[in-house]
């Protein structure tokens, strides 16, 4: 679960970051902090390039973009991520409804002794929801168990599945990442209209094909990786 934190107070930013990092390290549950910043524009830029599952946002960021505007921007492009506000402005909690951001929690910094516990409780609830997302068939995600961790990967981010040389293992190829996990190719034959079994060892995402070399029976993907194709299945793909 990828977490982003946006808080203008450097000391409080450090405390929230440390709380989440220590919990993730202790539990080894796959929670990671992708970005910890005081600048909401950095959050917008990061979210455009990366899948973010949970945000901790201060409402008053001492910036022309408030935390509420940032959250509204995020919600317009991502209807399922968790947004948690951490702020001193309790009187602004009602505005979260006005901006329709569907916040998971509203944590007050004034309650100093409770902030760490509230951050952890909100983080645990966000993680619980994250783990359930892959079970929702209406959401186009592949849910992978990698050791003790869970990864939810959107269909669009998948380039292809490959049979691993290790028994009963598959390798899922993303743009610049490969993940080995337990599974069988036949379980992903019916994943969706964009996925095609081109070889006994490969299922490709047709959206990411860059070129098909018919003579070599080779499919070149947009990230430069290649997949084999059998003569019969290549004809079906063409």
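The values are calculated or read from the model by the stated rules, or taken from the named source; none is laboratory data. Just so we're clear, the structure is a prediction, and the values are computed from it rather than from any experiment. FYI the Cβ positions are ideal-geometry reconstructions off the backbone, even for glycines, and counts take in every protein chain you see.
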Per the filter on region 210-224, residues within 13 Å of residue 173 (Cα to Cα) and surrounded by 18 or more Cβ atoms within 10 Å (Cβ to Cβ) are 221
Scanning region 160-180 for residues that are surrounded by fewer than 17 Cβ atoms within 10 Å (Cβ to Cβ), under 18 Å from the mean Cα position of the chain (by Cα) and either in a strand (DSSP E or B) or touching a residue at least 12 places away in the same chain (Cβ under 8 Å) (or both) gives 174, 175, 176, 178, 179, 180
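Out of curiosity, is residue 191 closer than 24 Å to residue 149 by Cβ and not in a strand (DSSP E or B)?
yes
Per-residue answers, yes or no, for (1) touching a residue at least 12 places away in the same chain (Cβ under 8 Å); (2) assigned to a loop (DSSP other than H, G, I, E, B):
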site	(1), (2)
16	yes, no
30	yes, yes
36	yes, no
44	yes, no
55	yes, no
63	yes, yes
69	yes, no
73	yes, no
76	no, no
Could you identify the single residue in 233, 238 that is over 30 Å from residue 52 (Cβ atoms) and surrounded by fewer than 14 Cβ atoms within 10 Å (Cβ to Cβ)? 238
Since residue 223 meets every condition but one in (1) touching a residue at least 40 places away in the same chain (Cβ under 8 Å); (2) part of a strand (DSSP E or B), which condition does it not meet? (2)
Inspect region 202-213 for any residue being more than 28 Å from residue 235 (Cβ to Cβ), part of a strand (DSSP E or B), free of Cβ contacts under 8 Å to residues at least 40 places away in the same chain and not assigned by TED's automatic domain parsing to the domain that holds residue 78 and give the result as yes or no. no
